[in-house]
Every structure is written in structure tokens, then in C-alpha cells.
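Enquirer: Please find one structure pasted underneath; my questions will follow.
The values are calculated or read from the model by the stated rules, or taken from the named source; none is laboratory data. Note that the structure is a prediction, hence the values are computed from the model and not measured. FYI the Cβ positions are ideal-geometry reconstructions off the backbone, even for glycines, and counts take in every protein chain you see. Protein only, heavy atoms only, side chains kept; ligands, DNA and RNA dropped before computing areas. Shrake-Rupley method; radii C 1.70, N 1.55, O 1.52, S 1.80 Å.
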Amino acid sequence: MTWNIIVTGATGHYGSLAIDFIKKFNPEGVEPRIGDFSDKNSLIEAFKGMNRLLFVSVPYKNIQKNVVEAAKECGISYIVYTSIFGAEYSKFGLEINHKQTEQWIKESGIPYTILRNNWYIDLEEGLLHATKNTGSFLYTTKENKLSFALRREYAEVGARVILKEDNFYYNKIINLARTPFTYPELGKMVEEALGKKIEIKEVSMDEFQKYLEEANVTQQGKSVSLSMQTYVKNGNNGEELGDPKEFEEVLSRKLESLVSIIREYLSD
Ligand SMILES: NC(=O)c1ccc[n+]([C@@H]2O[C@H](COP(=O)([O-])OP(=O)(O)OC[C@H]3O[C@@H](n4cnc5c(N)ncnc54)[C@H](OP(=O)(O)O)[C@@H]3O)[C@@H](O)[C@H]2O)c1
């Protein structure tokens, strides 16, 4: 069976990867359509004639309701939404937008699948590049855990689920995470990825900030990296619940190893 599939956020990193996978698995024509989440009429125009929606989230409150309402008005018959892993926990406040959107989707009566994505590796850009630049992997807590995967792994799941025949994934929440790890464990994997001995050491938050400043990482990398340290240090974020089972079931293979994805990330 073929569907007319619309992917939001198609110009973004996730959306463009998902479209590449959709074309790979089901090579039909692709045409761009323009819509703004804050303008429901533009979405109704963009969704006309479409059956399935891969709804890639934006991190702005309230405007996602327009997407659900436009989908309903246009007779979209299936929504796959990119939510956040551990939405019941504190996730920098991002969980508020996602939980609300999940609720709007459920209330719409349209069959759905919620993809609860954990973090992208990019959130540790600052720390990974600082380690590469300095030969030291510093962190501020050895206690709690975190996990991440590659965008392309999440995007492939988005493509596989939106293309799945019949109602296989209807009205399901799929948790996309991997086995979580501590910062000292991550340090060891970065060492292996770099292929050389590095210093791996716990420091205070002030020392960590100084390390990032001296390591020549981007402003964005510094700010996100500091937030991640605080997030892991504070815990109570659901990270320890990560389990690759559902991720690997949808992909029908193992997730790429952490060492290999870190190596790839640092080689760019
Ligand atoms: N799990 C994680 O670690 C993580 C990290 C970051 C983000 N995220 C979430 O995942 C989503 C996708 O990530 P990404 O890396 O692909 O983000 P991205 O590269 O920044 O792409 C965002 C996409 O959303 C579109 N967009 C933004 N505002 C819009 C609006 N008002 N109406 C319609 N489209 C709009 C952008 O379109 P334009 O090009 O036209 O602006 C772009 O195509 C993010 O938006 C965020 O919700 C998750």
C-alpha cells in the first residue's frame, strides 16, 4: 500500500534524515510543502491530500495544537509524533510541550504512535570536543546516568514506523533510549574512540566551566554541556530507565556502539 506522507520539520536535521530513509524504503516522489506551526491555515493547505503525518516536534509551547487540528481537518489517518523519553520526569521543561501535544493527539481520535526519543549525541558536543582538544575528559558527578543515540537512528525509526503496514504500531508509545551510562563510563568510551590515553577526572562545576572555556568549544556547546552536567548531577530525570529493547526491535538490529558513534562524531 502507498500513502501520501507529510513530514514536518523537513528542512531540519531529523526531518531530512527521515525523508532520506522514507525514500530509501519506499522510493516514491517527494514534493516540498510549506507550512508554519503558528499559522493553522498554512498547515491545512500543506496537509491537503495527505494520509499520514510524521510530526517532528518543535520546542515551542502551544503552536503544536495547530498541527493536530489541521491533521484532523484534513482527514489525516495516522500521526507519528517525536516526543521525549521519560516525559514524566524533568527534562529541562521540554516535557511540558511534549506531554501536552501527546494529549492533543490522543484527544483528536486519530490513530497515533508516540516516539519517545532520548537525547541526540549532539547534546554532549561541548564535552566531546573539549576532550578531543585537551586530552582531558572532565565531569562533575559519577553518580547518575545519561544516554544518547544518533539522530539518524531516531530518524530511521520515524521512517520505519510511518511506513509500517496496517495498524501495527497504532496507539502505542515506543521508548527510544539505550542502556544508560555514567560520566566515568562515558570517559572510558571516549578514550577508546580517540584511541589514546586521556585524563578522566571528576571536578567542581566551576572547574568544569573553566575547562570548557579553555577548550575552545562553541558558545552553544558550552551552554548545553553545562546544562547536561547539572541535569545528570540532579538526577530524577528517568535516564536510568533507558533500555534499547524497543529501539532495536523497530530497527531490527542492534544500536550502533557508543564507541563507534563517538568516533564518528569526533571525526567530523
Ligand atoms: N532529543 C534531542 O536530544 C533533541 C535535541 C534537539 C532537538 N530535539 C527536538 O527534535 C526536533 C527535531 O530536531 P532537529 O535536530 O531536526 O531540529 P532542527 O534541525 O533545528 O530542525 C527544526 C525543524 O523545525 C522546523 N520549524 C521550526 N519552527 C517551525 C514552525 N513554527 N513551523 C513549522 N516548522 C518549524 C524548522 O523549519 P525551518 O527550517 O523553516 O525553520 C526545521 O525544519 C527539534 O525541533 C526538537 O523538538 C530533540
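Enquirer: Within the bounds of the range 181-197, is there any residue that is of a type in the set (S, T, N, Q) and loosely packed, with under 13 Cβ neighbours inside 10 Å?
Expert: Checked against the condition, which is being of a type in the set (S, T, N, Q) and loosely packed, with under 13 Cβ neighbours inside 10 Å, the range 181-197 yields no hits at all.
Enquirer: Checking the condition of a type outside the set (D, E, K, R), within 16 Å of the ligand (Cβ to nearest atom) and either in the same structural domain as residue 28 (by TED's automatic domain parsing) or out of contact with any strand residue (DSSP E or B) (no Cβ under 7 Å at 6 or more places or on another chain) (or both), which residue from 194, 186, 163 passes? Explain how you work it out, then say what you get.
Expert: Numbers: 194 fails: within 16 Å of the ligand (Cβ to nearest atom); 163 fails: within 16 Å of the ligand (Cβ to nearest atom).
Among 194, 186, 163, only 186 is of a type outside the set (D, E, K, R), within 16 Å of the ligand (Cβ to nearest atom) and either in the same structural domain as residue 28 (by TED's automatic domain parsing) or out of contact with any strand residue (DSSP E or B) (no Cβ under 7 Å at 6 or more places or on another chain) (or both).
Enquirer: Of the numbered conditions (1) more than 13 Å from the ligand (Cβ to nearest atom); (2) open to solvent by 70 Å² or more (accessible area, probe 1.4 Å); (3) in a helix (DSSP H, G or I), residue 21 satisfies every one except a single condition; which is it?
Expert: For residue 21, the failing item is (2).
Enquirer: Let me ask you something else. Among the numbered conditions (1) outside the structural domain of residue 109 (by TED's automatic domain parsing); (2) without any contact (Cβ under 8 Å) to a residue 60 or more places away in the chain; (3) more than 22 Å from residue 262 (Cα to Cα), tell me where residue 168 comes up short.
Expert: (1)
Enquirer: Ok, one more. Out of curiosity, is residue 34 touching a helix residue (DSSP H, G or I) at 6+ places or on another chain (Cβ under 7 Å) and open to solvent by less than 30 Å² (accessible area, probe 1.4 Å)?
Expert: Numbers: touching a helix residue (DSSP H, G or I) at 6+ places or on another chain (Cβ under 7 Å): yes; open to solvent by less than 30 Å² (accessible area, probe 1.4 Å): no.
For residue 34, the condition - touching a helix residue (DSSP H, G or I) at 6+ places or on another chain (Cβ under 7 Å) and open to solvent by less than 30 Å² (accessible area, probe 1.4 Å) - is not met.
Enquirer: Can you tell me how many residues within the range 37-60 are over 15 Å from residue 74 (Cβ atoms) and open to solvent by 30 Å² or more (accessible area, probe 1.4 Å)?
Expert: Counting residues in the range 37-60 that are over 15 Å from residue 74 (Cβ atoms) and open to solvent by 30 Å² or more (accessible area, probe 1.4 Å) gives 5.
Enquirer: For the range 1-16, how many residues meet the condition of being more than 8 Å from the ligand (Cβ to nearest atom) and within 20 Å of the chain's Cα centre (by Cα)?
Expert: So the first thing to find is which residues in the range 1-16 are more than 8 Å from the ligand (Cβ to nearest atom), and the list is 1-7.
Filter once more, keeping what is within 20 Å of the chain's Cα centre (by Cα): 6-7.
Qualifying residue count for the region: 2.
Enquirer: So which of 204, 252, 225 ends up being in contact with a helix residue (DSSP H, G or I) (Cβ under 8 Å, 6 or more places away or on another chain) and hydroxyl-bearing (Ser, Thr, Tyr)? Don't jump to the end; show me each part of the working.
Expert: Values: 204 fails: in contact with a helix residue (DSSP H, G or I) (Cβ under 8 Å, 6 or more places away or on another chain); 252 fails: in contact with a helix residue (DSSP H, G or I) (Cβ under 8 Å, 6 or more places away or on another chain).
225 is the lone residue from the list that is in contact with a helix residue (DSSP H, G or I) (Cβ under 8 Å, 6 or more places away or on another chain) and hydroxyl-bearing (Ser, Thr, Tyr).
Enquirer: Looking at the structure I just gave you, is residue 48 in the same structural domain as residue 161 (by TED's automatic domain parsing), away from the ligand (no atom under 12 Å from the Cβ), of a type in the set (D, E, K, R) and out of contact with any helix residue (DSSP H, G or I) (no Cβ under 8 Å at 6 or more places or on another chain)? Write out each step before concluding.
Expert: Details: in the same structural domain as residue 161 (by TED's automatic domain parsing): yes; away from the ligand (no atom under 12 Å from the Cβ): yes; of a type in the set (D, E, K, R): yes; out of contact with any helix residue (DSSP H, G or I) (no Cβ under 8 Å at 6 or more places or on another chain): yes.
Yes, satisfied.
Enquirer: Follow-up question, since we're still on this one. Is it the case that residue 81 is near the ligand (Cβ under 10 Å from one of its atoms) and under 22 Å from residue 10 (Cα atoms)? Steps first, answer last, please.
Expert: Details: near the ligand (Cβ under 10 Å from one of its atoms): no; under 22 Å from residue 10 (Cα atoms): yes.
For residue 81, the condition - near the ligand (Cβ under 10 Å from one of its atoms) and under 22 Å from residue 10 (Cα atoms) - is not met.
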